[in-house]
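Presented below is the structure to which this report refers.
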Amino acid sequence: MIRGLITPNREATFRLGLLYSGGRIEEIDVVIDTGFDGYLTLPSALIAALGMSYHSEINVVLGDGRIATLREFEARVDWNGAVRDVLVLEADGGALVGMALLYGSRVVLEVVDGGRVLIDGLSP
(Lines give C-alpha, C1' and ligand atoms only; values in the text may rest on other atoms or scores of the structure.)
Protein backbone atom coordinates (compact mmCIF):
# COMPACT_ATOMS: atom_id res chain seq x y z
CA MET A 1 0.00 0.00 0.00
CA ILE A 2 1.19 3.50 -0.87
CA ARG A 3 0.74 6.07 1.90
CA GLY A 4 0.80 9.84 1.77
CA LEU A 5 -0.67 12.98 3.31
CA ILE A 6 -3.01 15.85 2.56
CA THR A 7 -1.07 19.13 2.70
CA PRO A 8 -2.35 22.42 4.18
CA ASN A 9 -2.81 23.50 0.51
CA ARG A 10 -5.33 20.63 0.12
CA GLU A 11 -3.04 18.57 -2.13
CA ALA A 12 -3.01 14.77 -1.94
CA THR A 13 0.70 13.86 -1.90
CA PHE A 14 2.87 10.78 -1.63
CA ARG A 15 6.40 9.59 -2.44
CA LEU A 16 6.95 7.85 -5.78
CA GLY A 17 10.03 5.82 -6.67
CA LEU A 18 11.57 6.51 -10.10
CA LEU A 19 14.05 3.92 -11.36
CA TYR A 20 17.35 4.90 -12.96
CA SER A 21 18.65 2.68 -15.75
CA GLY A 22 21.13 1.10 -13.29
CA GLY A 23 18.31 0.05 -10.96
CA ARG A 24 18.78 2.82 -8.38
CA ILE A 25 15.55 4.38 -7.09
CA GLU A 26 15.02 8.13 -6.66
CA GLU A 27 12.01 8.95 -4.49
CA ILE A 28 10.18 12.18 -5.24
CA ASP A 29 7.13 13.92 -3.82
CA VAL A 30 4.16 13.87 -6.20
CA VAL A 31 0.65 15.35 -6.16
CA ILE A 32 -2.45 13.50 -7.36
CA ASP A 33 -4.22 15.33 -10.21
CA THR A 34 -7.54 13.66 -11.05
CA GLY A 35 -8.00 16.09 -13.96
CA PHE A 36 -4.90 14.68 -15.67
CA ASP A 37 -5.58 11.50 -17.66
CA GLY A 38 -1.90 10.62 -18.25
CA TYR A 39 0.60 8.86 -16.00
CA LEU A 40 3.03 11.44 -14.69
CA THR A 41 4.41 14.93 -15.31
CA LEU A 42 7.94 15.91 -14.31
CA PRO A 43 10.10 19.01 -14.80
CA SER A 44 12.77 18.86 -17.51
CA ALA A 45 15.67 19.03 -15.02
CA LEU A 46 14.53 15.83 -13.29
CA ILE A 47 13.90 14.06 -16.61
CA ALA A 48 17.45 14.93 -17.69
CA ALA A 49 18.96 13.90 -14.33
CA LEU A 50 17.27 10.50 -14.54
CA GLY A 51 18.36 10.02 -18.16
CA MET A 52 14.88 9.21 -19.42
CA SER A 53 14.53 8.18 -23.06
CA TYR A 54 12.61 10.47 -25.41
CA HIS A 55 9.41 8.88 -26.73
CA SER A 56 7.39 11.45 -28.72
CA GLU A 57 5.60 14.80 -28.70
CA ILE A 58 1.88 15.06 -28.09
CA ASN A 59 -0.72 17.81 -28.03
CA VAL A 60 -2.50 18.22 -24.70
CA VAL A 61 -5.39 20.37 -23.52
CA LEU A 62 -4.38 22.35 -20.43
CA GLY A 63 -6.70 23.12 -17.53
CA ASP A 64 -7.42 26.58 -18.95
CA GLY A 65 -8.41 25.11 -22.35
CA ARG A 66 -5.21 26.05 -24.21
CA ILE A 67 -3.51 23.42 -26.36
CA ALA A 68 0.20 22.80 -25.81
CA THR A 69 2.72 20.45 -27.38
CA LEU A 70 4.67 18.54 -24.75
CA ARG A 71 7.50 16.04 -24.99
CA GLU A 72 6.94 12.52 -23.65
CA PHE A 73 9.62 10.33 -22.09
CA GLU A 74 9.77 6.69 -21.04
CA ALA A 75 10.25 5.89 -17.37
CA ARG A 76 9.99 3.09 -14.85
CA VAL A 77 8.34 3.58 -11.49
CA ASP A 78 8.00 1.52 -8.34
CA TRP A 79 4.23 1.16 -8.00
CA ASN A 80 3.01 -0.72 -4.94
CA GLY A 81 6.13 -2.90 -4.99
CA ALA A 82 6.01 -3.67 -8.73
CA VAL A 83 7.91 -1.98 -11.56
CA ARG A 84 5.69 -0.24 -14.12
CA ASP A 85 6.69 1.30 -17.43
CA VAL A 86 5.02 4.69 -17.88
CA LEU A 87 5.08 7.72 -20.14
CA VAL A 88 6.15 11.00 -18.52
CA LEU A 89 5.12 14.40 -19.85
CA GLU A 90 7.74 17.13 -19.53
CA ALA A 91 6.03 20.10 -17.86
CA ASP A 92 7.02 23.03 -15.70
CA GLY A 93 5.91 22.93 -12.09
CA GLY A 94 5.73 20.07 -9.66
CA ALA A 95 5.44 16.35 -10.26
CA LEU A 96 1.84 15.26 -10.91
CA VAL A 97 0.39 11.75 -10.92
CA GLY A 98 -2.57 11.28 -13.24
CA MET A 99 -5.40 8.82 -13.60
CA ALA A 100 -3.51 6.46 -15.95
CA LEU A 101 -1.06 5.63 -13.14
CA LEU A 102 -3.88 5.34 -10.59
CA TYR A 103 -5.98 3.11 -12.87
CA GLY A 104 -6.71 -0.22 -11.19
CA SER A 105 -6.25 1.25 -7.73
CA ARG A 106 -8.40 2.15 -4.77
CA VAL A 107 -7.60 5.68 -3.60
CA VAL A 108 -8.73 6.87 -0.17
CA LEU A 109 -8.34 10.53 0.77
CA GLU A 110 -8.98 11.88 4.25
CA VAL A 111 -9.27 15.50 3.18
CA VAL A 112 -8.20 17.39 6.30
CA ASP A 113 -4.80 18.92 7.10
CA GLY A 114 -2.42 15.99 7.58
CA GLY A 115 -5.12 13.51 6.50
CA ARG A 116 -4.10 10.16 5.08
CA VAL A 117 -3.70 9.31 1.40
CA LEU A 118 -3.95 5.54 0.83
CA ILE A 119 -3.48 3.83 -2.54
CA ASP A 120 -3.86 0.10 -2.95
CA GLY A 121 -4.50 -2.28 -5.84
CA LEU A 122 -8.05 -3.44 -6.50
CA SER A 123 -8.77 -7.10 -5.92
CA PRO A 124 -9.58 -9.06 -9.11
Pairing a residue in the stretch 97-110 that is outside any loop (DSSP other than H, G, I, E, B) with any residue that is crowded, with 16+ Cβ neighbours inside 10 Å and of a type in the set (Ser, Thr, Tyr), where Cβ atoms lie under 6 Å and the two sit 6 or more apart in sequence or on different chains, gives ALA100/TYR39; LEU101/TYR39
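Which residues, taken from the stretch 23-81, are hydrophobic (A, V, I, L, M, F, W, C) and in contact with a His (Cβ under 9 Å, 6 or more places away or on another chain)? Step through it out loud before you land on a result.
Kept after step one, since they are hydrophobic (A, V, I, L, M, F, W, C), are these residues of the stretch 23-81: 25, 28, 30-32, 36, 40, 42, 45-50, 52, 58, 60-62, 67-68, 70, 73, 75, 77, 79.
Scanning the stretch 23-81 gives a single hit, PHE73.
Does GLY115 satisfy being modelled with pLDDT of 95 or more and either small (Gly, Ala, Ser) or surrounded by 13 or more Cβ atoms within 10 Å (Cβ to Cβ) (or both)?
Values: modelled with pLDDT of 95 or more: yes; either small (Gly, Ala, Ser) or surrounded by 13 or more Cβ atoms within 10 Å (Cβ to Cβ) (or both): yes.
Answer is yes for this residue.
Quick one: would you say ARG71 is at pLDDT 95 or above, outside any loop (DSSP other than H, G, I, E, B) and either surrounded by 12 or more Cβ atoms within 10 Å (Cβ to Cβ) or of a type in the set (Val, Ile, Thr) (or both)?
Numbers: at pLDDT 95 or above: yes; outside any loop (DSSP other than H, G, I, E, B): yes; either surrounded by 12 or more Cβ atoms within 10 Å (Cβ to Cβ) or of a type in the set (Val, Ile, Thr) (or both): yes.
Spelling it out, ARG71 is indeed at pLDDT 95 or above, outside any loop (DSSP other than H, G, I, E, B) and either surrounded by 12 or more Cβ atoms within 10 Å (Cβ to Cβ) or of a type in the set (Val, Ile, Thr) (or both).
Which of the residues belonging to the stretch 1-19 are in a loop (DSSP other than H, G, I, E, B) and surrounded by fewer than 14 Cβ atoms within 10 Å (Cβ to Cβ)? Can you show your working first?
Filtering the stretch 1-19 down to residues in a loop (DSSP other than H, G, I, E, B) leaves 1, 7-11.
MET1, PRO8, ASN9, ARG10, listed by residue number.
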Inspect the stretch 29-49 for any residue being aromatic (Phe, Trp, Tyr), part of a loop (DSSP other than H, G, I, E, B), modelled with pLDDT under 95 and touching a Gly at 6+ places or on another chain (Cβ under 7 Å) and give the result as yes or no. yes
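With part of a strand (DSSP E or B), closer than 21 Å to ALA48 by Cα and either under 15 Å from the mean Cα position of the chain (by Cα) or free of Cβ contacts under 8 Å to residues at least 40 places away in the same chain (or both) as the only criterion, which of VAL117, VAL86 stands out?
Numbers: VAL117 fails: closer than 21 Å to ALA48 by Cα.
Matching residue, one of VAL117, VAL86: VAL86.
The values are calculated or read from the model by the stated rules, or taken from the named source; none is laboratory data. Since the model is a prediction, treat every value here as computed from it, not as a measurement. Ideal geometry is used to build each Cβ from the backbone, glycine not excepted, and the neighbour counts take in all protein chains shown.
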